[in-house]
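> I have a structure I would like to understand better, so I am pasting it below and will then ask my questions one at a time.
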């Protein structure tokens with residue numbers, strides 16, 4: 001049953017990411033649910049499960065976006081590792097520090113994705129000002145809601 005619940009969670013998160021970014025994204029700004037959940041899993045389970053799930057979700061995100069395949073898999077996996085290591089110094093069990101970590105790592109994600117674009121695509125991949133300002137805030141809110149759902153369901 002636990003594996004079944006985990007599989008449903010993974011599939012539901014992937015469906016939510018696709019649906020929201022397809023139907024509710026305005027001016028390119030949409031929360032990165034999969035990125036936020038990768039950091040949540042790192043905060044709750046540790047870096048290794050988060051890196052594995054982040055790699056899988058990153059590949060899915062790469063399939064949704066066709067500009068630079070493999071960048072999201074690398075960056076989601078790196079975010080899972082960093083958040084998993086970061087939880088040793090900061091209590092990411094609390095909602096506030098978790099949301100702050102997601103906000104900061106979302107900014108790092110945007111900058112590193114742009115830097116990877118300048119290396120592999122010969123131009124800095126800038127999302128634009130509205131997505132750059134709104135996406136980290138929306139992702140932090142998504143992480144806070146997901147953390148409350150996670151804790152209320154007893155998914156520890």
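The values are calculated or read from the model by the stated rules, or taken from the named source; none is laboratory data. Values in this document were obtained by computation on a predicted structure and should not be read as measured data. Note that each Cβ is placed from the backbone with ideal geometry, even for glycine, and that neighbours are counted across all protein chains shown.
> Taking the criterion of being in a helix (DSSP H, G or I), more than 22 Å from residue 128 (Cα to Cα), touching a helix residue (DSSP H, G or I) at 6+ places or on another chain (Cβ under 8 Å) and at pLDDT 90 or above, would at least one residue in region 19-37 satisfy it? Spell out the reasoning first.
Just the residues of region 19-37 that are in a helix (DSSP H, G or I), to begin with: 19-23, 33-37.
The next check asks that each one be more than 22 Å from residue 128 (Cα to Cα); those that pass are 37.
Still in the running and touching a helix residue (DSSP H, G or I) at 6+ places or on another chain (Cβ under 8 Å): 37.
Now restrict to residues that are at pLDDT 90 or above: 37.
Yes.
> Do we have residue 82 as in a loop (DSSP other than H, G, I, E, B), closer than 27 Å to residue 133 by Cβ and modelled with pLDDT of 90 or more here?
Working: in a loop (DSSP other than H, G, I, E, B): no; closer than 27 Å to residue 133 by Cβ: yes; modelled with pLDDT of 90 or more: yes.
Here the answer is no, as residue 82 does not meet what is asked.
> Okay, moving on. What residue, of 14, 68, is in contact with a helix residue (DSSP H, G or I) (Cβ under 9 Å, 6 or more places away or on another chain), part of a helix (DSSP H, G or I) and at pLDDT 85 or above? Explain how you work it out, then say what you get.
Working: 68 fails: part of a helix (DSSP H, G or I).
Being in contact with a helix residue (DSSP H, G or I) (Cβ under 9 Å, 6 or more places away or on another chain), part of a helix (DSSP H, G or I) and at pLDDT 85 or above holds for just one of 14, 68, which is 14.
> Shifting gears a bit: So which residues in region 107-148 are more than 17 Å from residue 75 (Cβ to Cβ), in contact with a strand residue (DSSP E or B) (Cβ under 7 Å, 6 or more places away or on another chain) and surrounded by 14 or more Cβ atoms within 10 Å (Cβ to Cβ), if there are any at all?
Within region 107-148, 134, 138 meet the criteria.
> List every residue pair whose Cβ atoms lie under 8 Å apart, where the two residues are 6 or more positions apart in sequence or sit on different chains, the first residue falls within region 10-36 and is in contact (Cβ under 8 Å) with a residue 24 or more places away in the chain, and the second residue, located anywhere, is in a loop (DSSP other than H, G, I, E, B).
Matching pairs, first to second residue: 17/32; 21/30; 27/128; 28/127; 28/128; 30/24.
> If I ask for residues that are assigned to a helix (DSSP H, G or I), touching a residue at least 60 places away in the same chain (Cβ under 8 Å) and either in contact with a helix residue (DSSP H, G or I) (Cβ under 9 Å, 6 or more places away or on another chain) or under 18 Å from residue 39 (Cβ atoms) (or both), which ones from region 116-133 would you list?
Within region 116-133, just 131 meets the criteria.
> Within region 92-115, does at least one residue satisfy the condition of being touching a helix residue (DSSP H, G or I) at 6+ places or on another chain (Cβ under 9 Å), under 19 Å from residue 9 (Cβ atoms) and not in a helix (DSSP H, G or I)?
Scanning region 92-115, I find at least one residue that is touching a helix residue (DSSP H, G or I) at 6+ places or on another chain (Cβ under 9 Å), under 19 Å from residue 9 (Cβ atoms) and not in a helix (DSSP H, G or I), so the answer is yes.
> A follow-up question, please. For region 47-66, give me the residue count where each residue is surrounded by fewer than 20 Cβ atoms within 10 Å (Cβ to Cβ) and within 13 Å of residue 37 (Cα to Cα).
Of the residues in region 47-66, 4 are surrounded by fewer than 20 Cβ atoms within 10 Å (Cβ to Cβ) and within 13 Å of residue 37 (Cα to Cα).
> Residue check: is residue 42 under 17 Å from residue 8 (Cα atoms) and buried (at least 17 other Cβ atoms within 10 Å of the Cβ)?
Details: under 17 Å from residue 8 (Cα atoms): no; buried (at least 17 other Cβ atoms within 10 Å of the Cβ): yes.
When the stated conditions are applied, residue 42 does not pass them.
> Further, regarding this structure: Suppose we keep only residues that are over 15 Å from the mean Cα position of the chain (by Cα) and touching a residue at least 12 places away in the same chain (Cβ under 8 Å) within region 71-91. Which one would you say is nearest to residue 51 (Cα to Cα)?
As a first pass, look at region 71-91 and keep what is over 15 Å from the mean Cα position of the chain (by Cα): 85-91.
If we keep only those that are touching a residue at least 12 places away in the same chain (Cβ under 8 Å) as well, we get 85-87.
Working: 85: 11, 86: 14, 87: 14 Å.
Out of the qualifying residues, it is 85.
> Give region 54-65 a look and list any residue that's in a helix (DSSP H, G or I) and free of Cβ contacts under 8 Å to residues at least 40 places away in the same chain, or say none. So that I can check it myself, show each step before the final result.
Of region 54-65, the ones in a helix (DSSP H, G or I) are 54-64.
Hits for region 54-65 are 54, 55, 58, 59, 62, 63.
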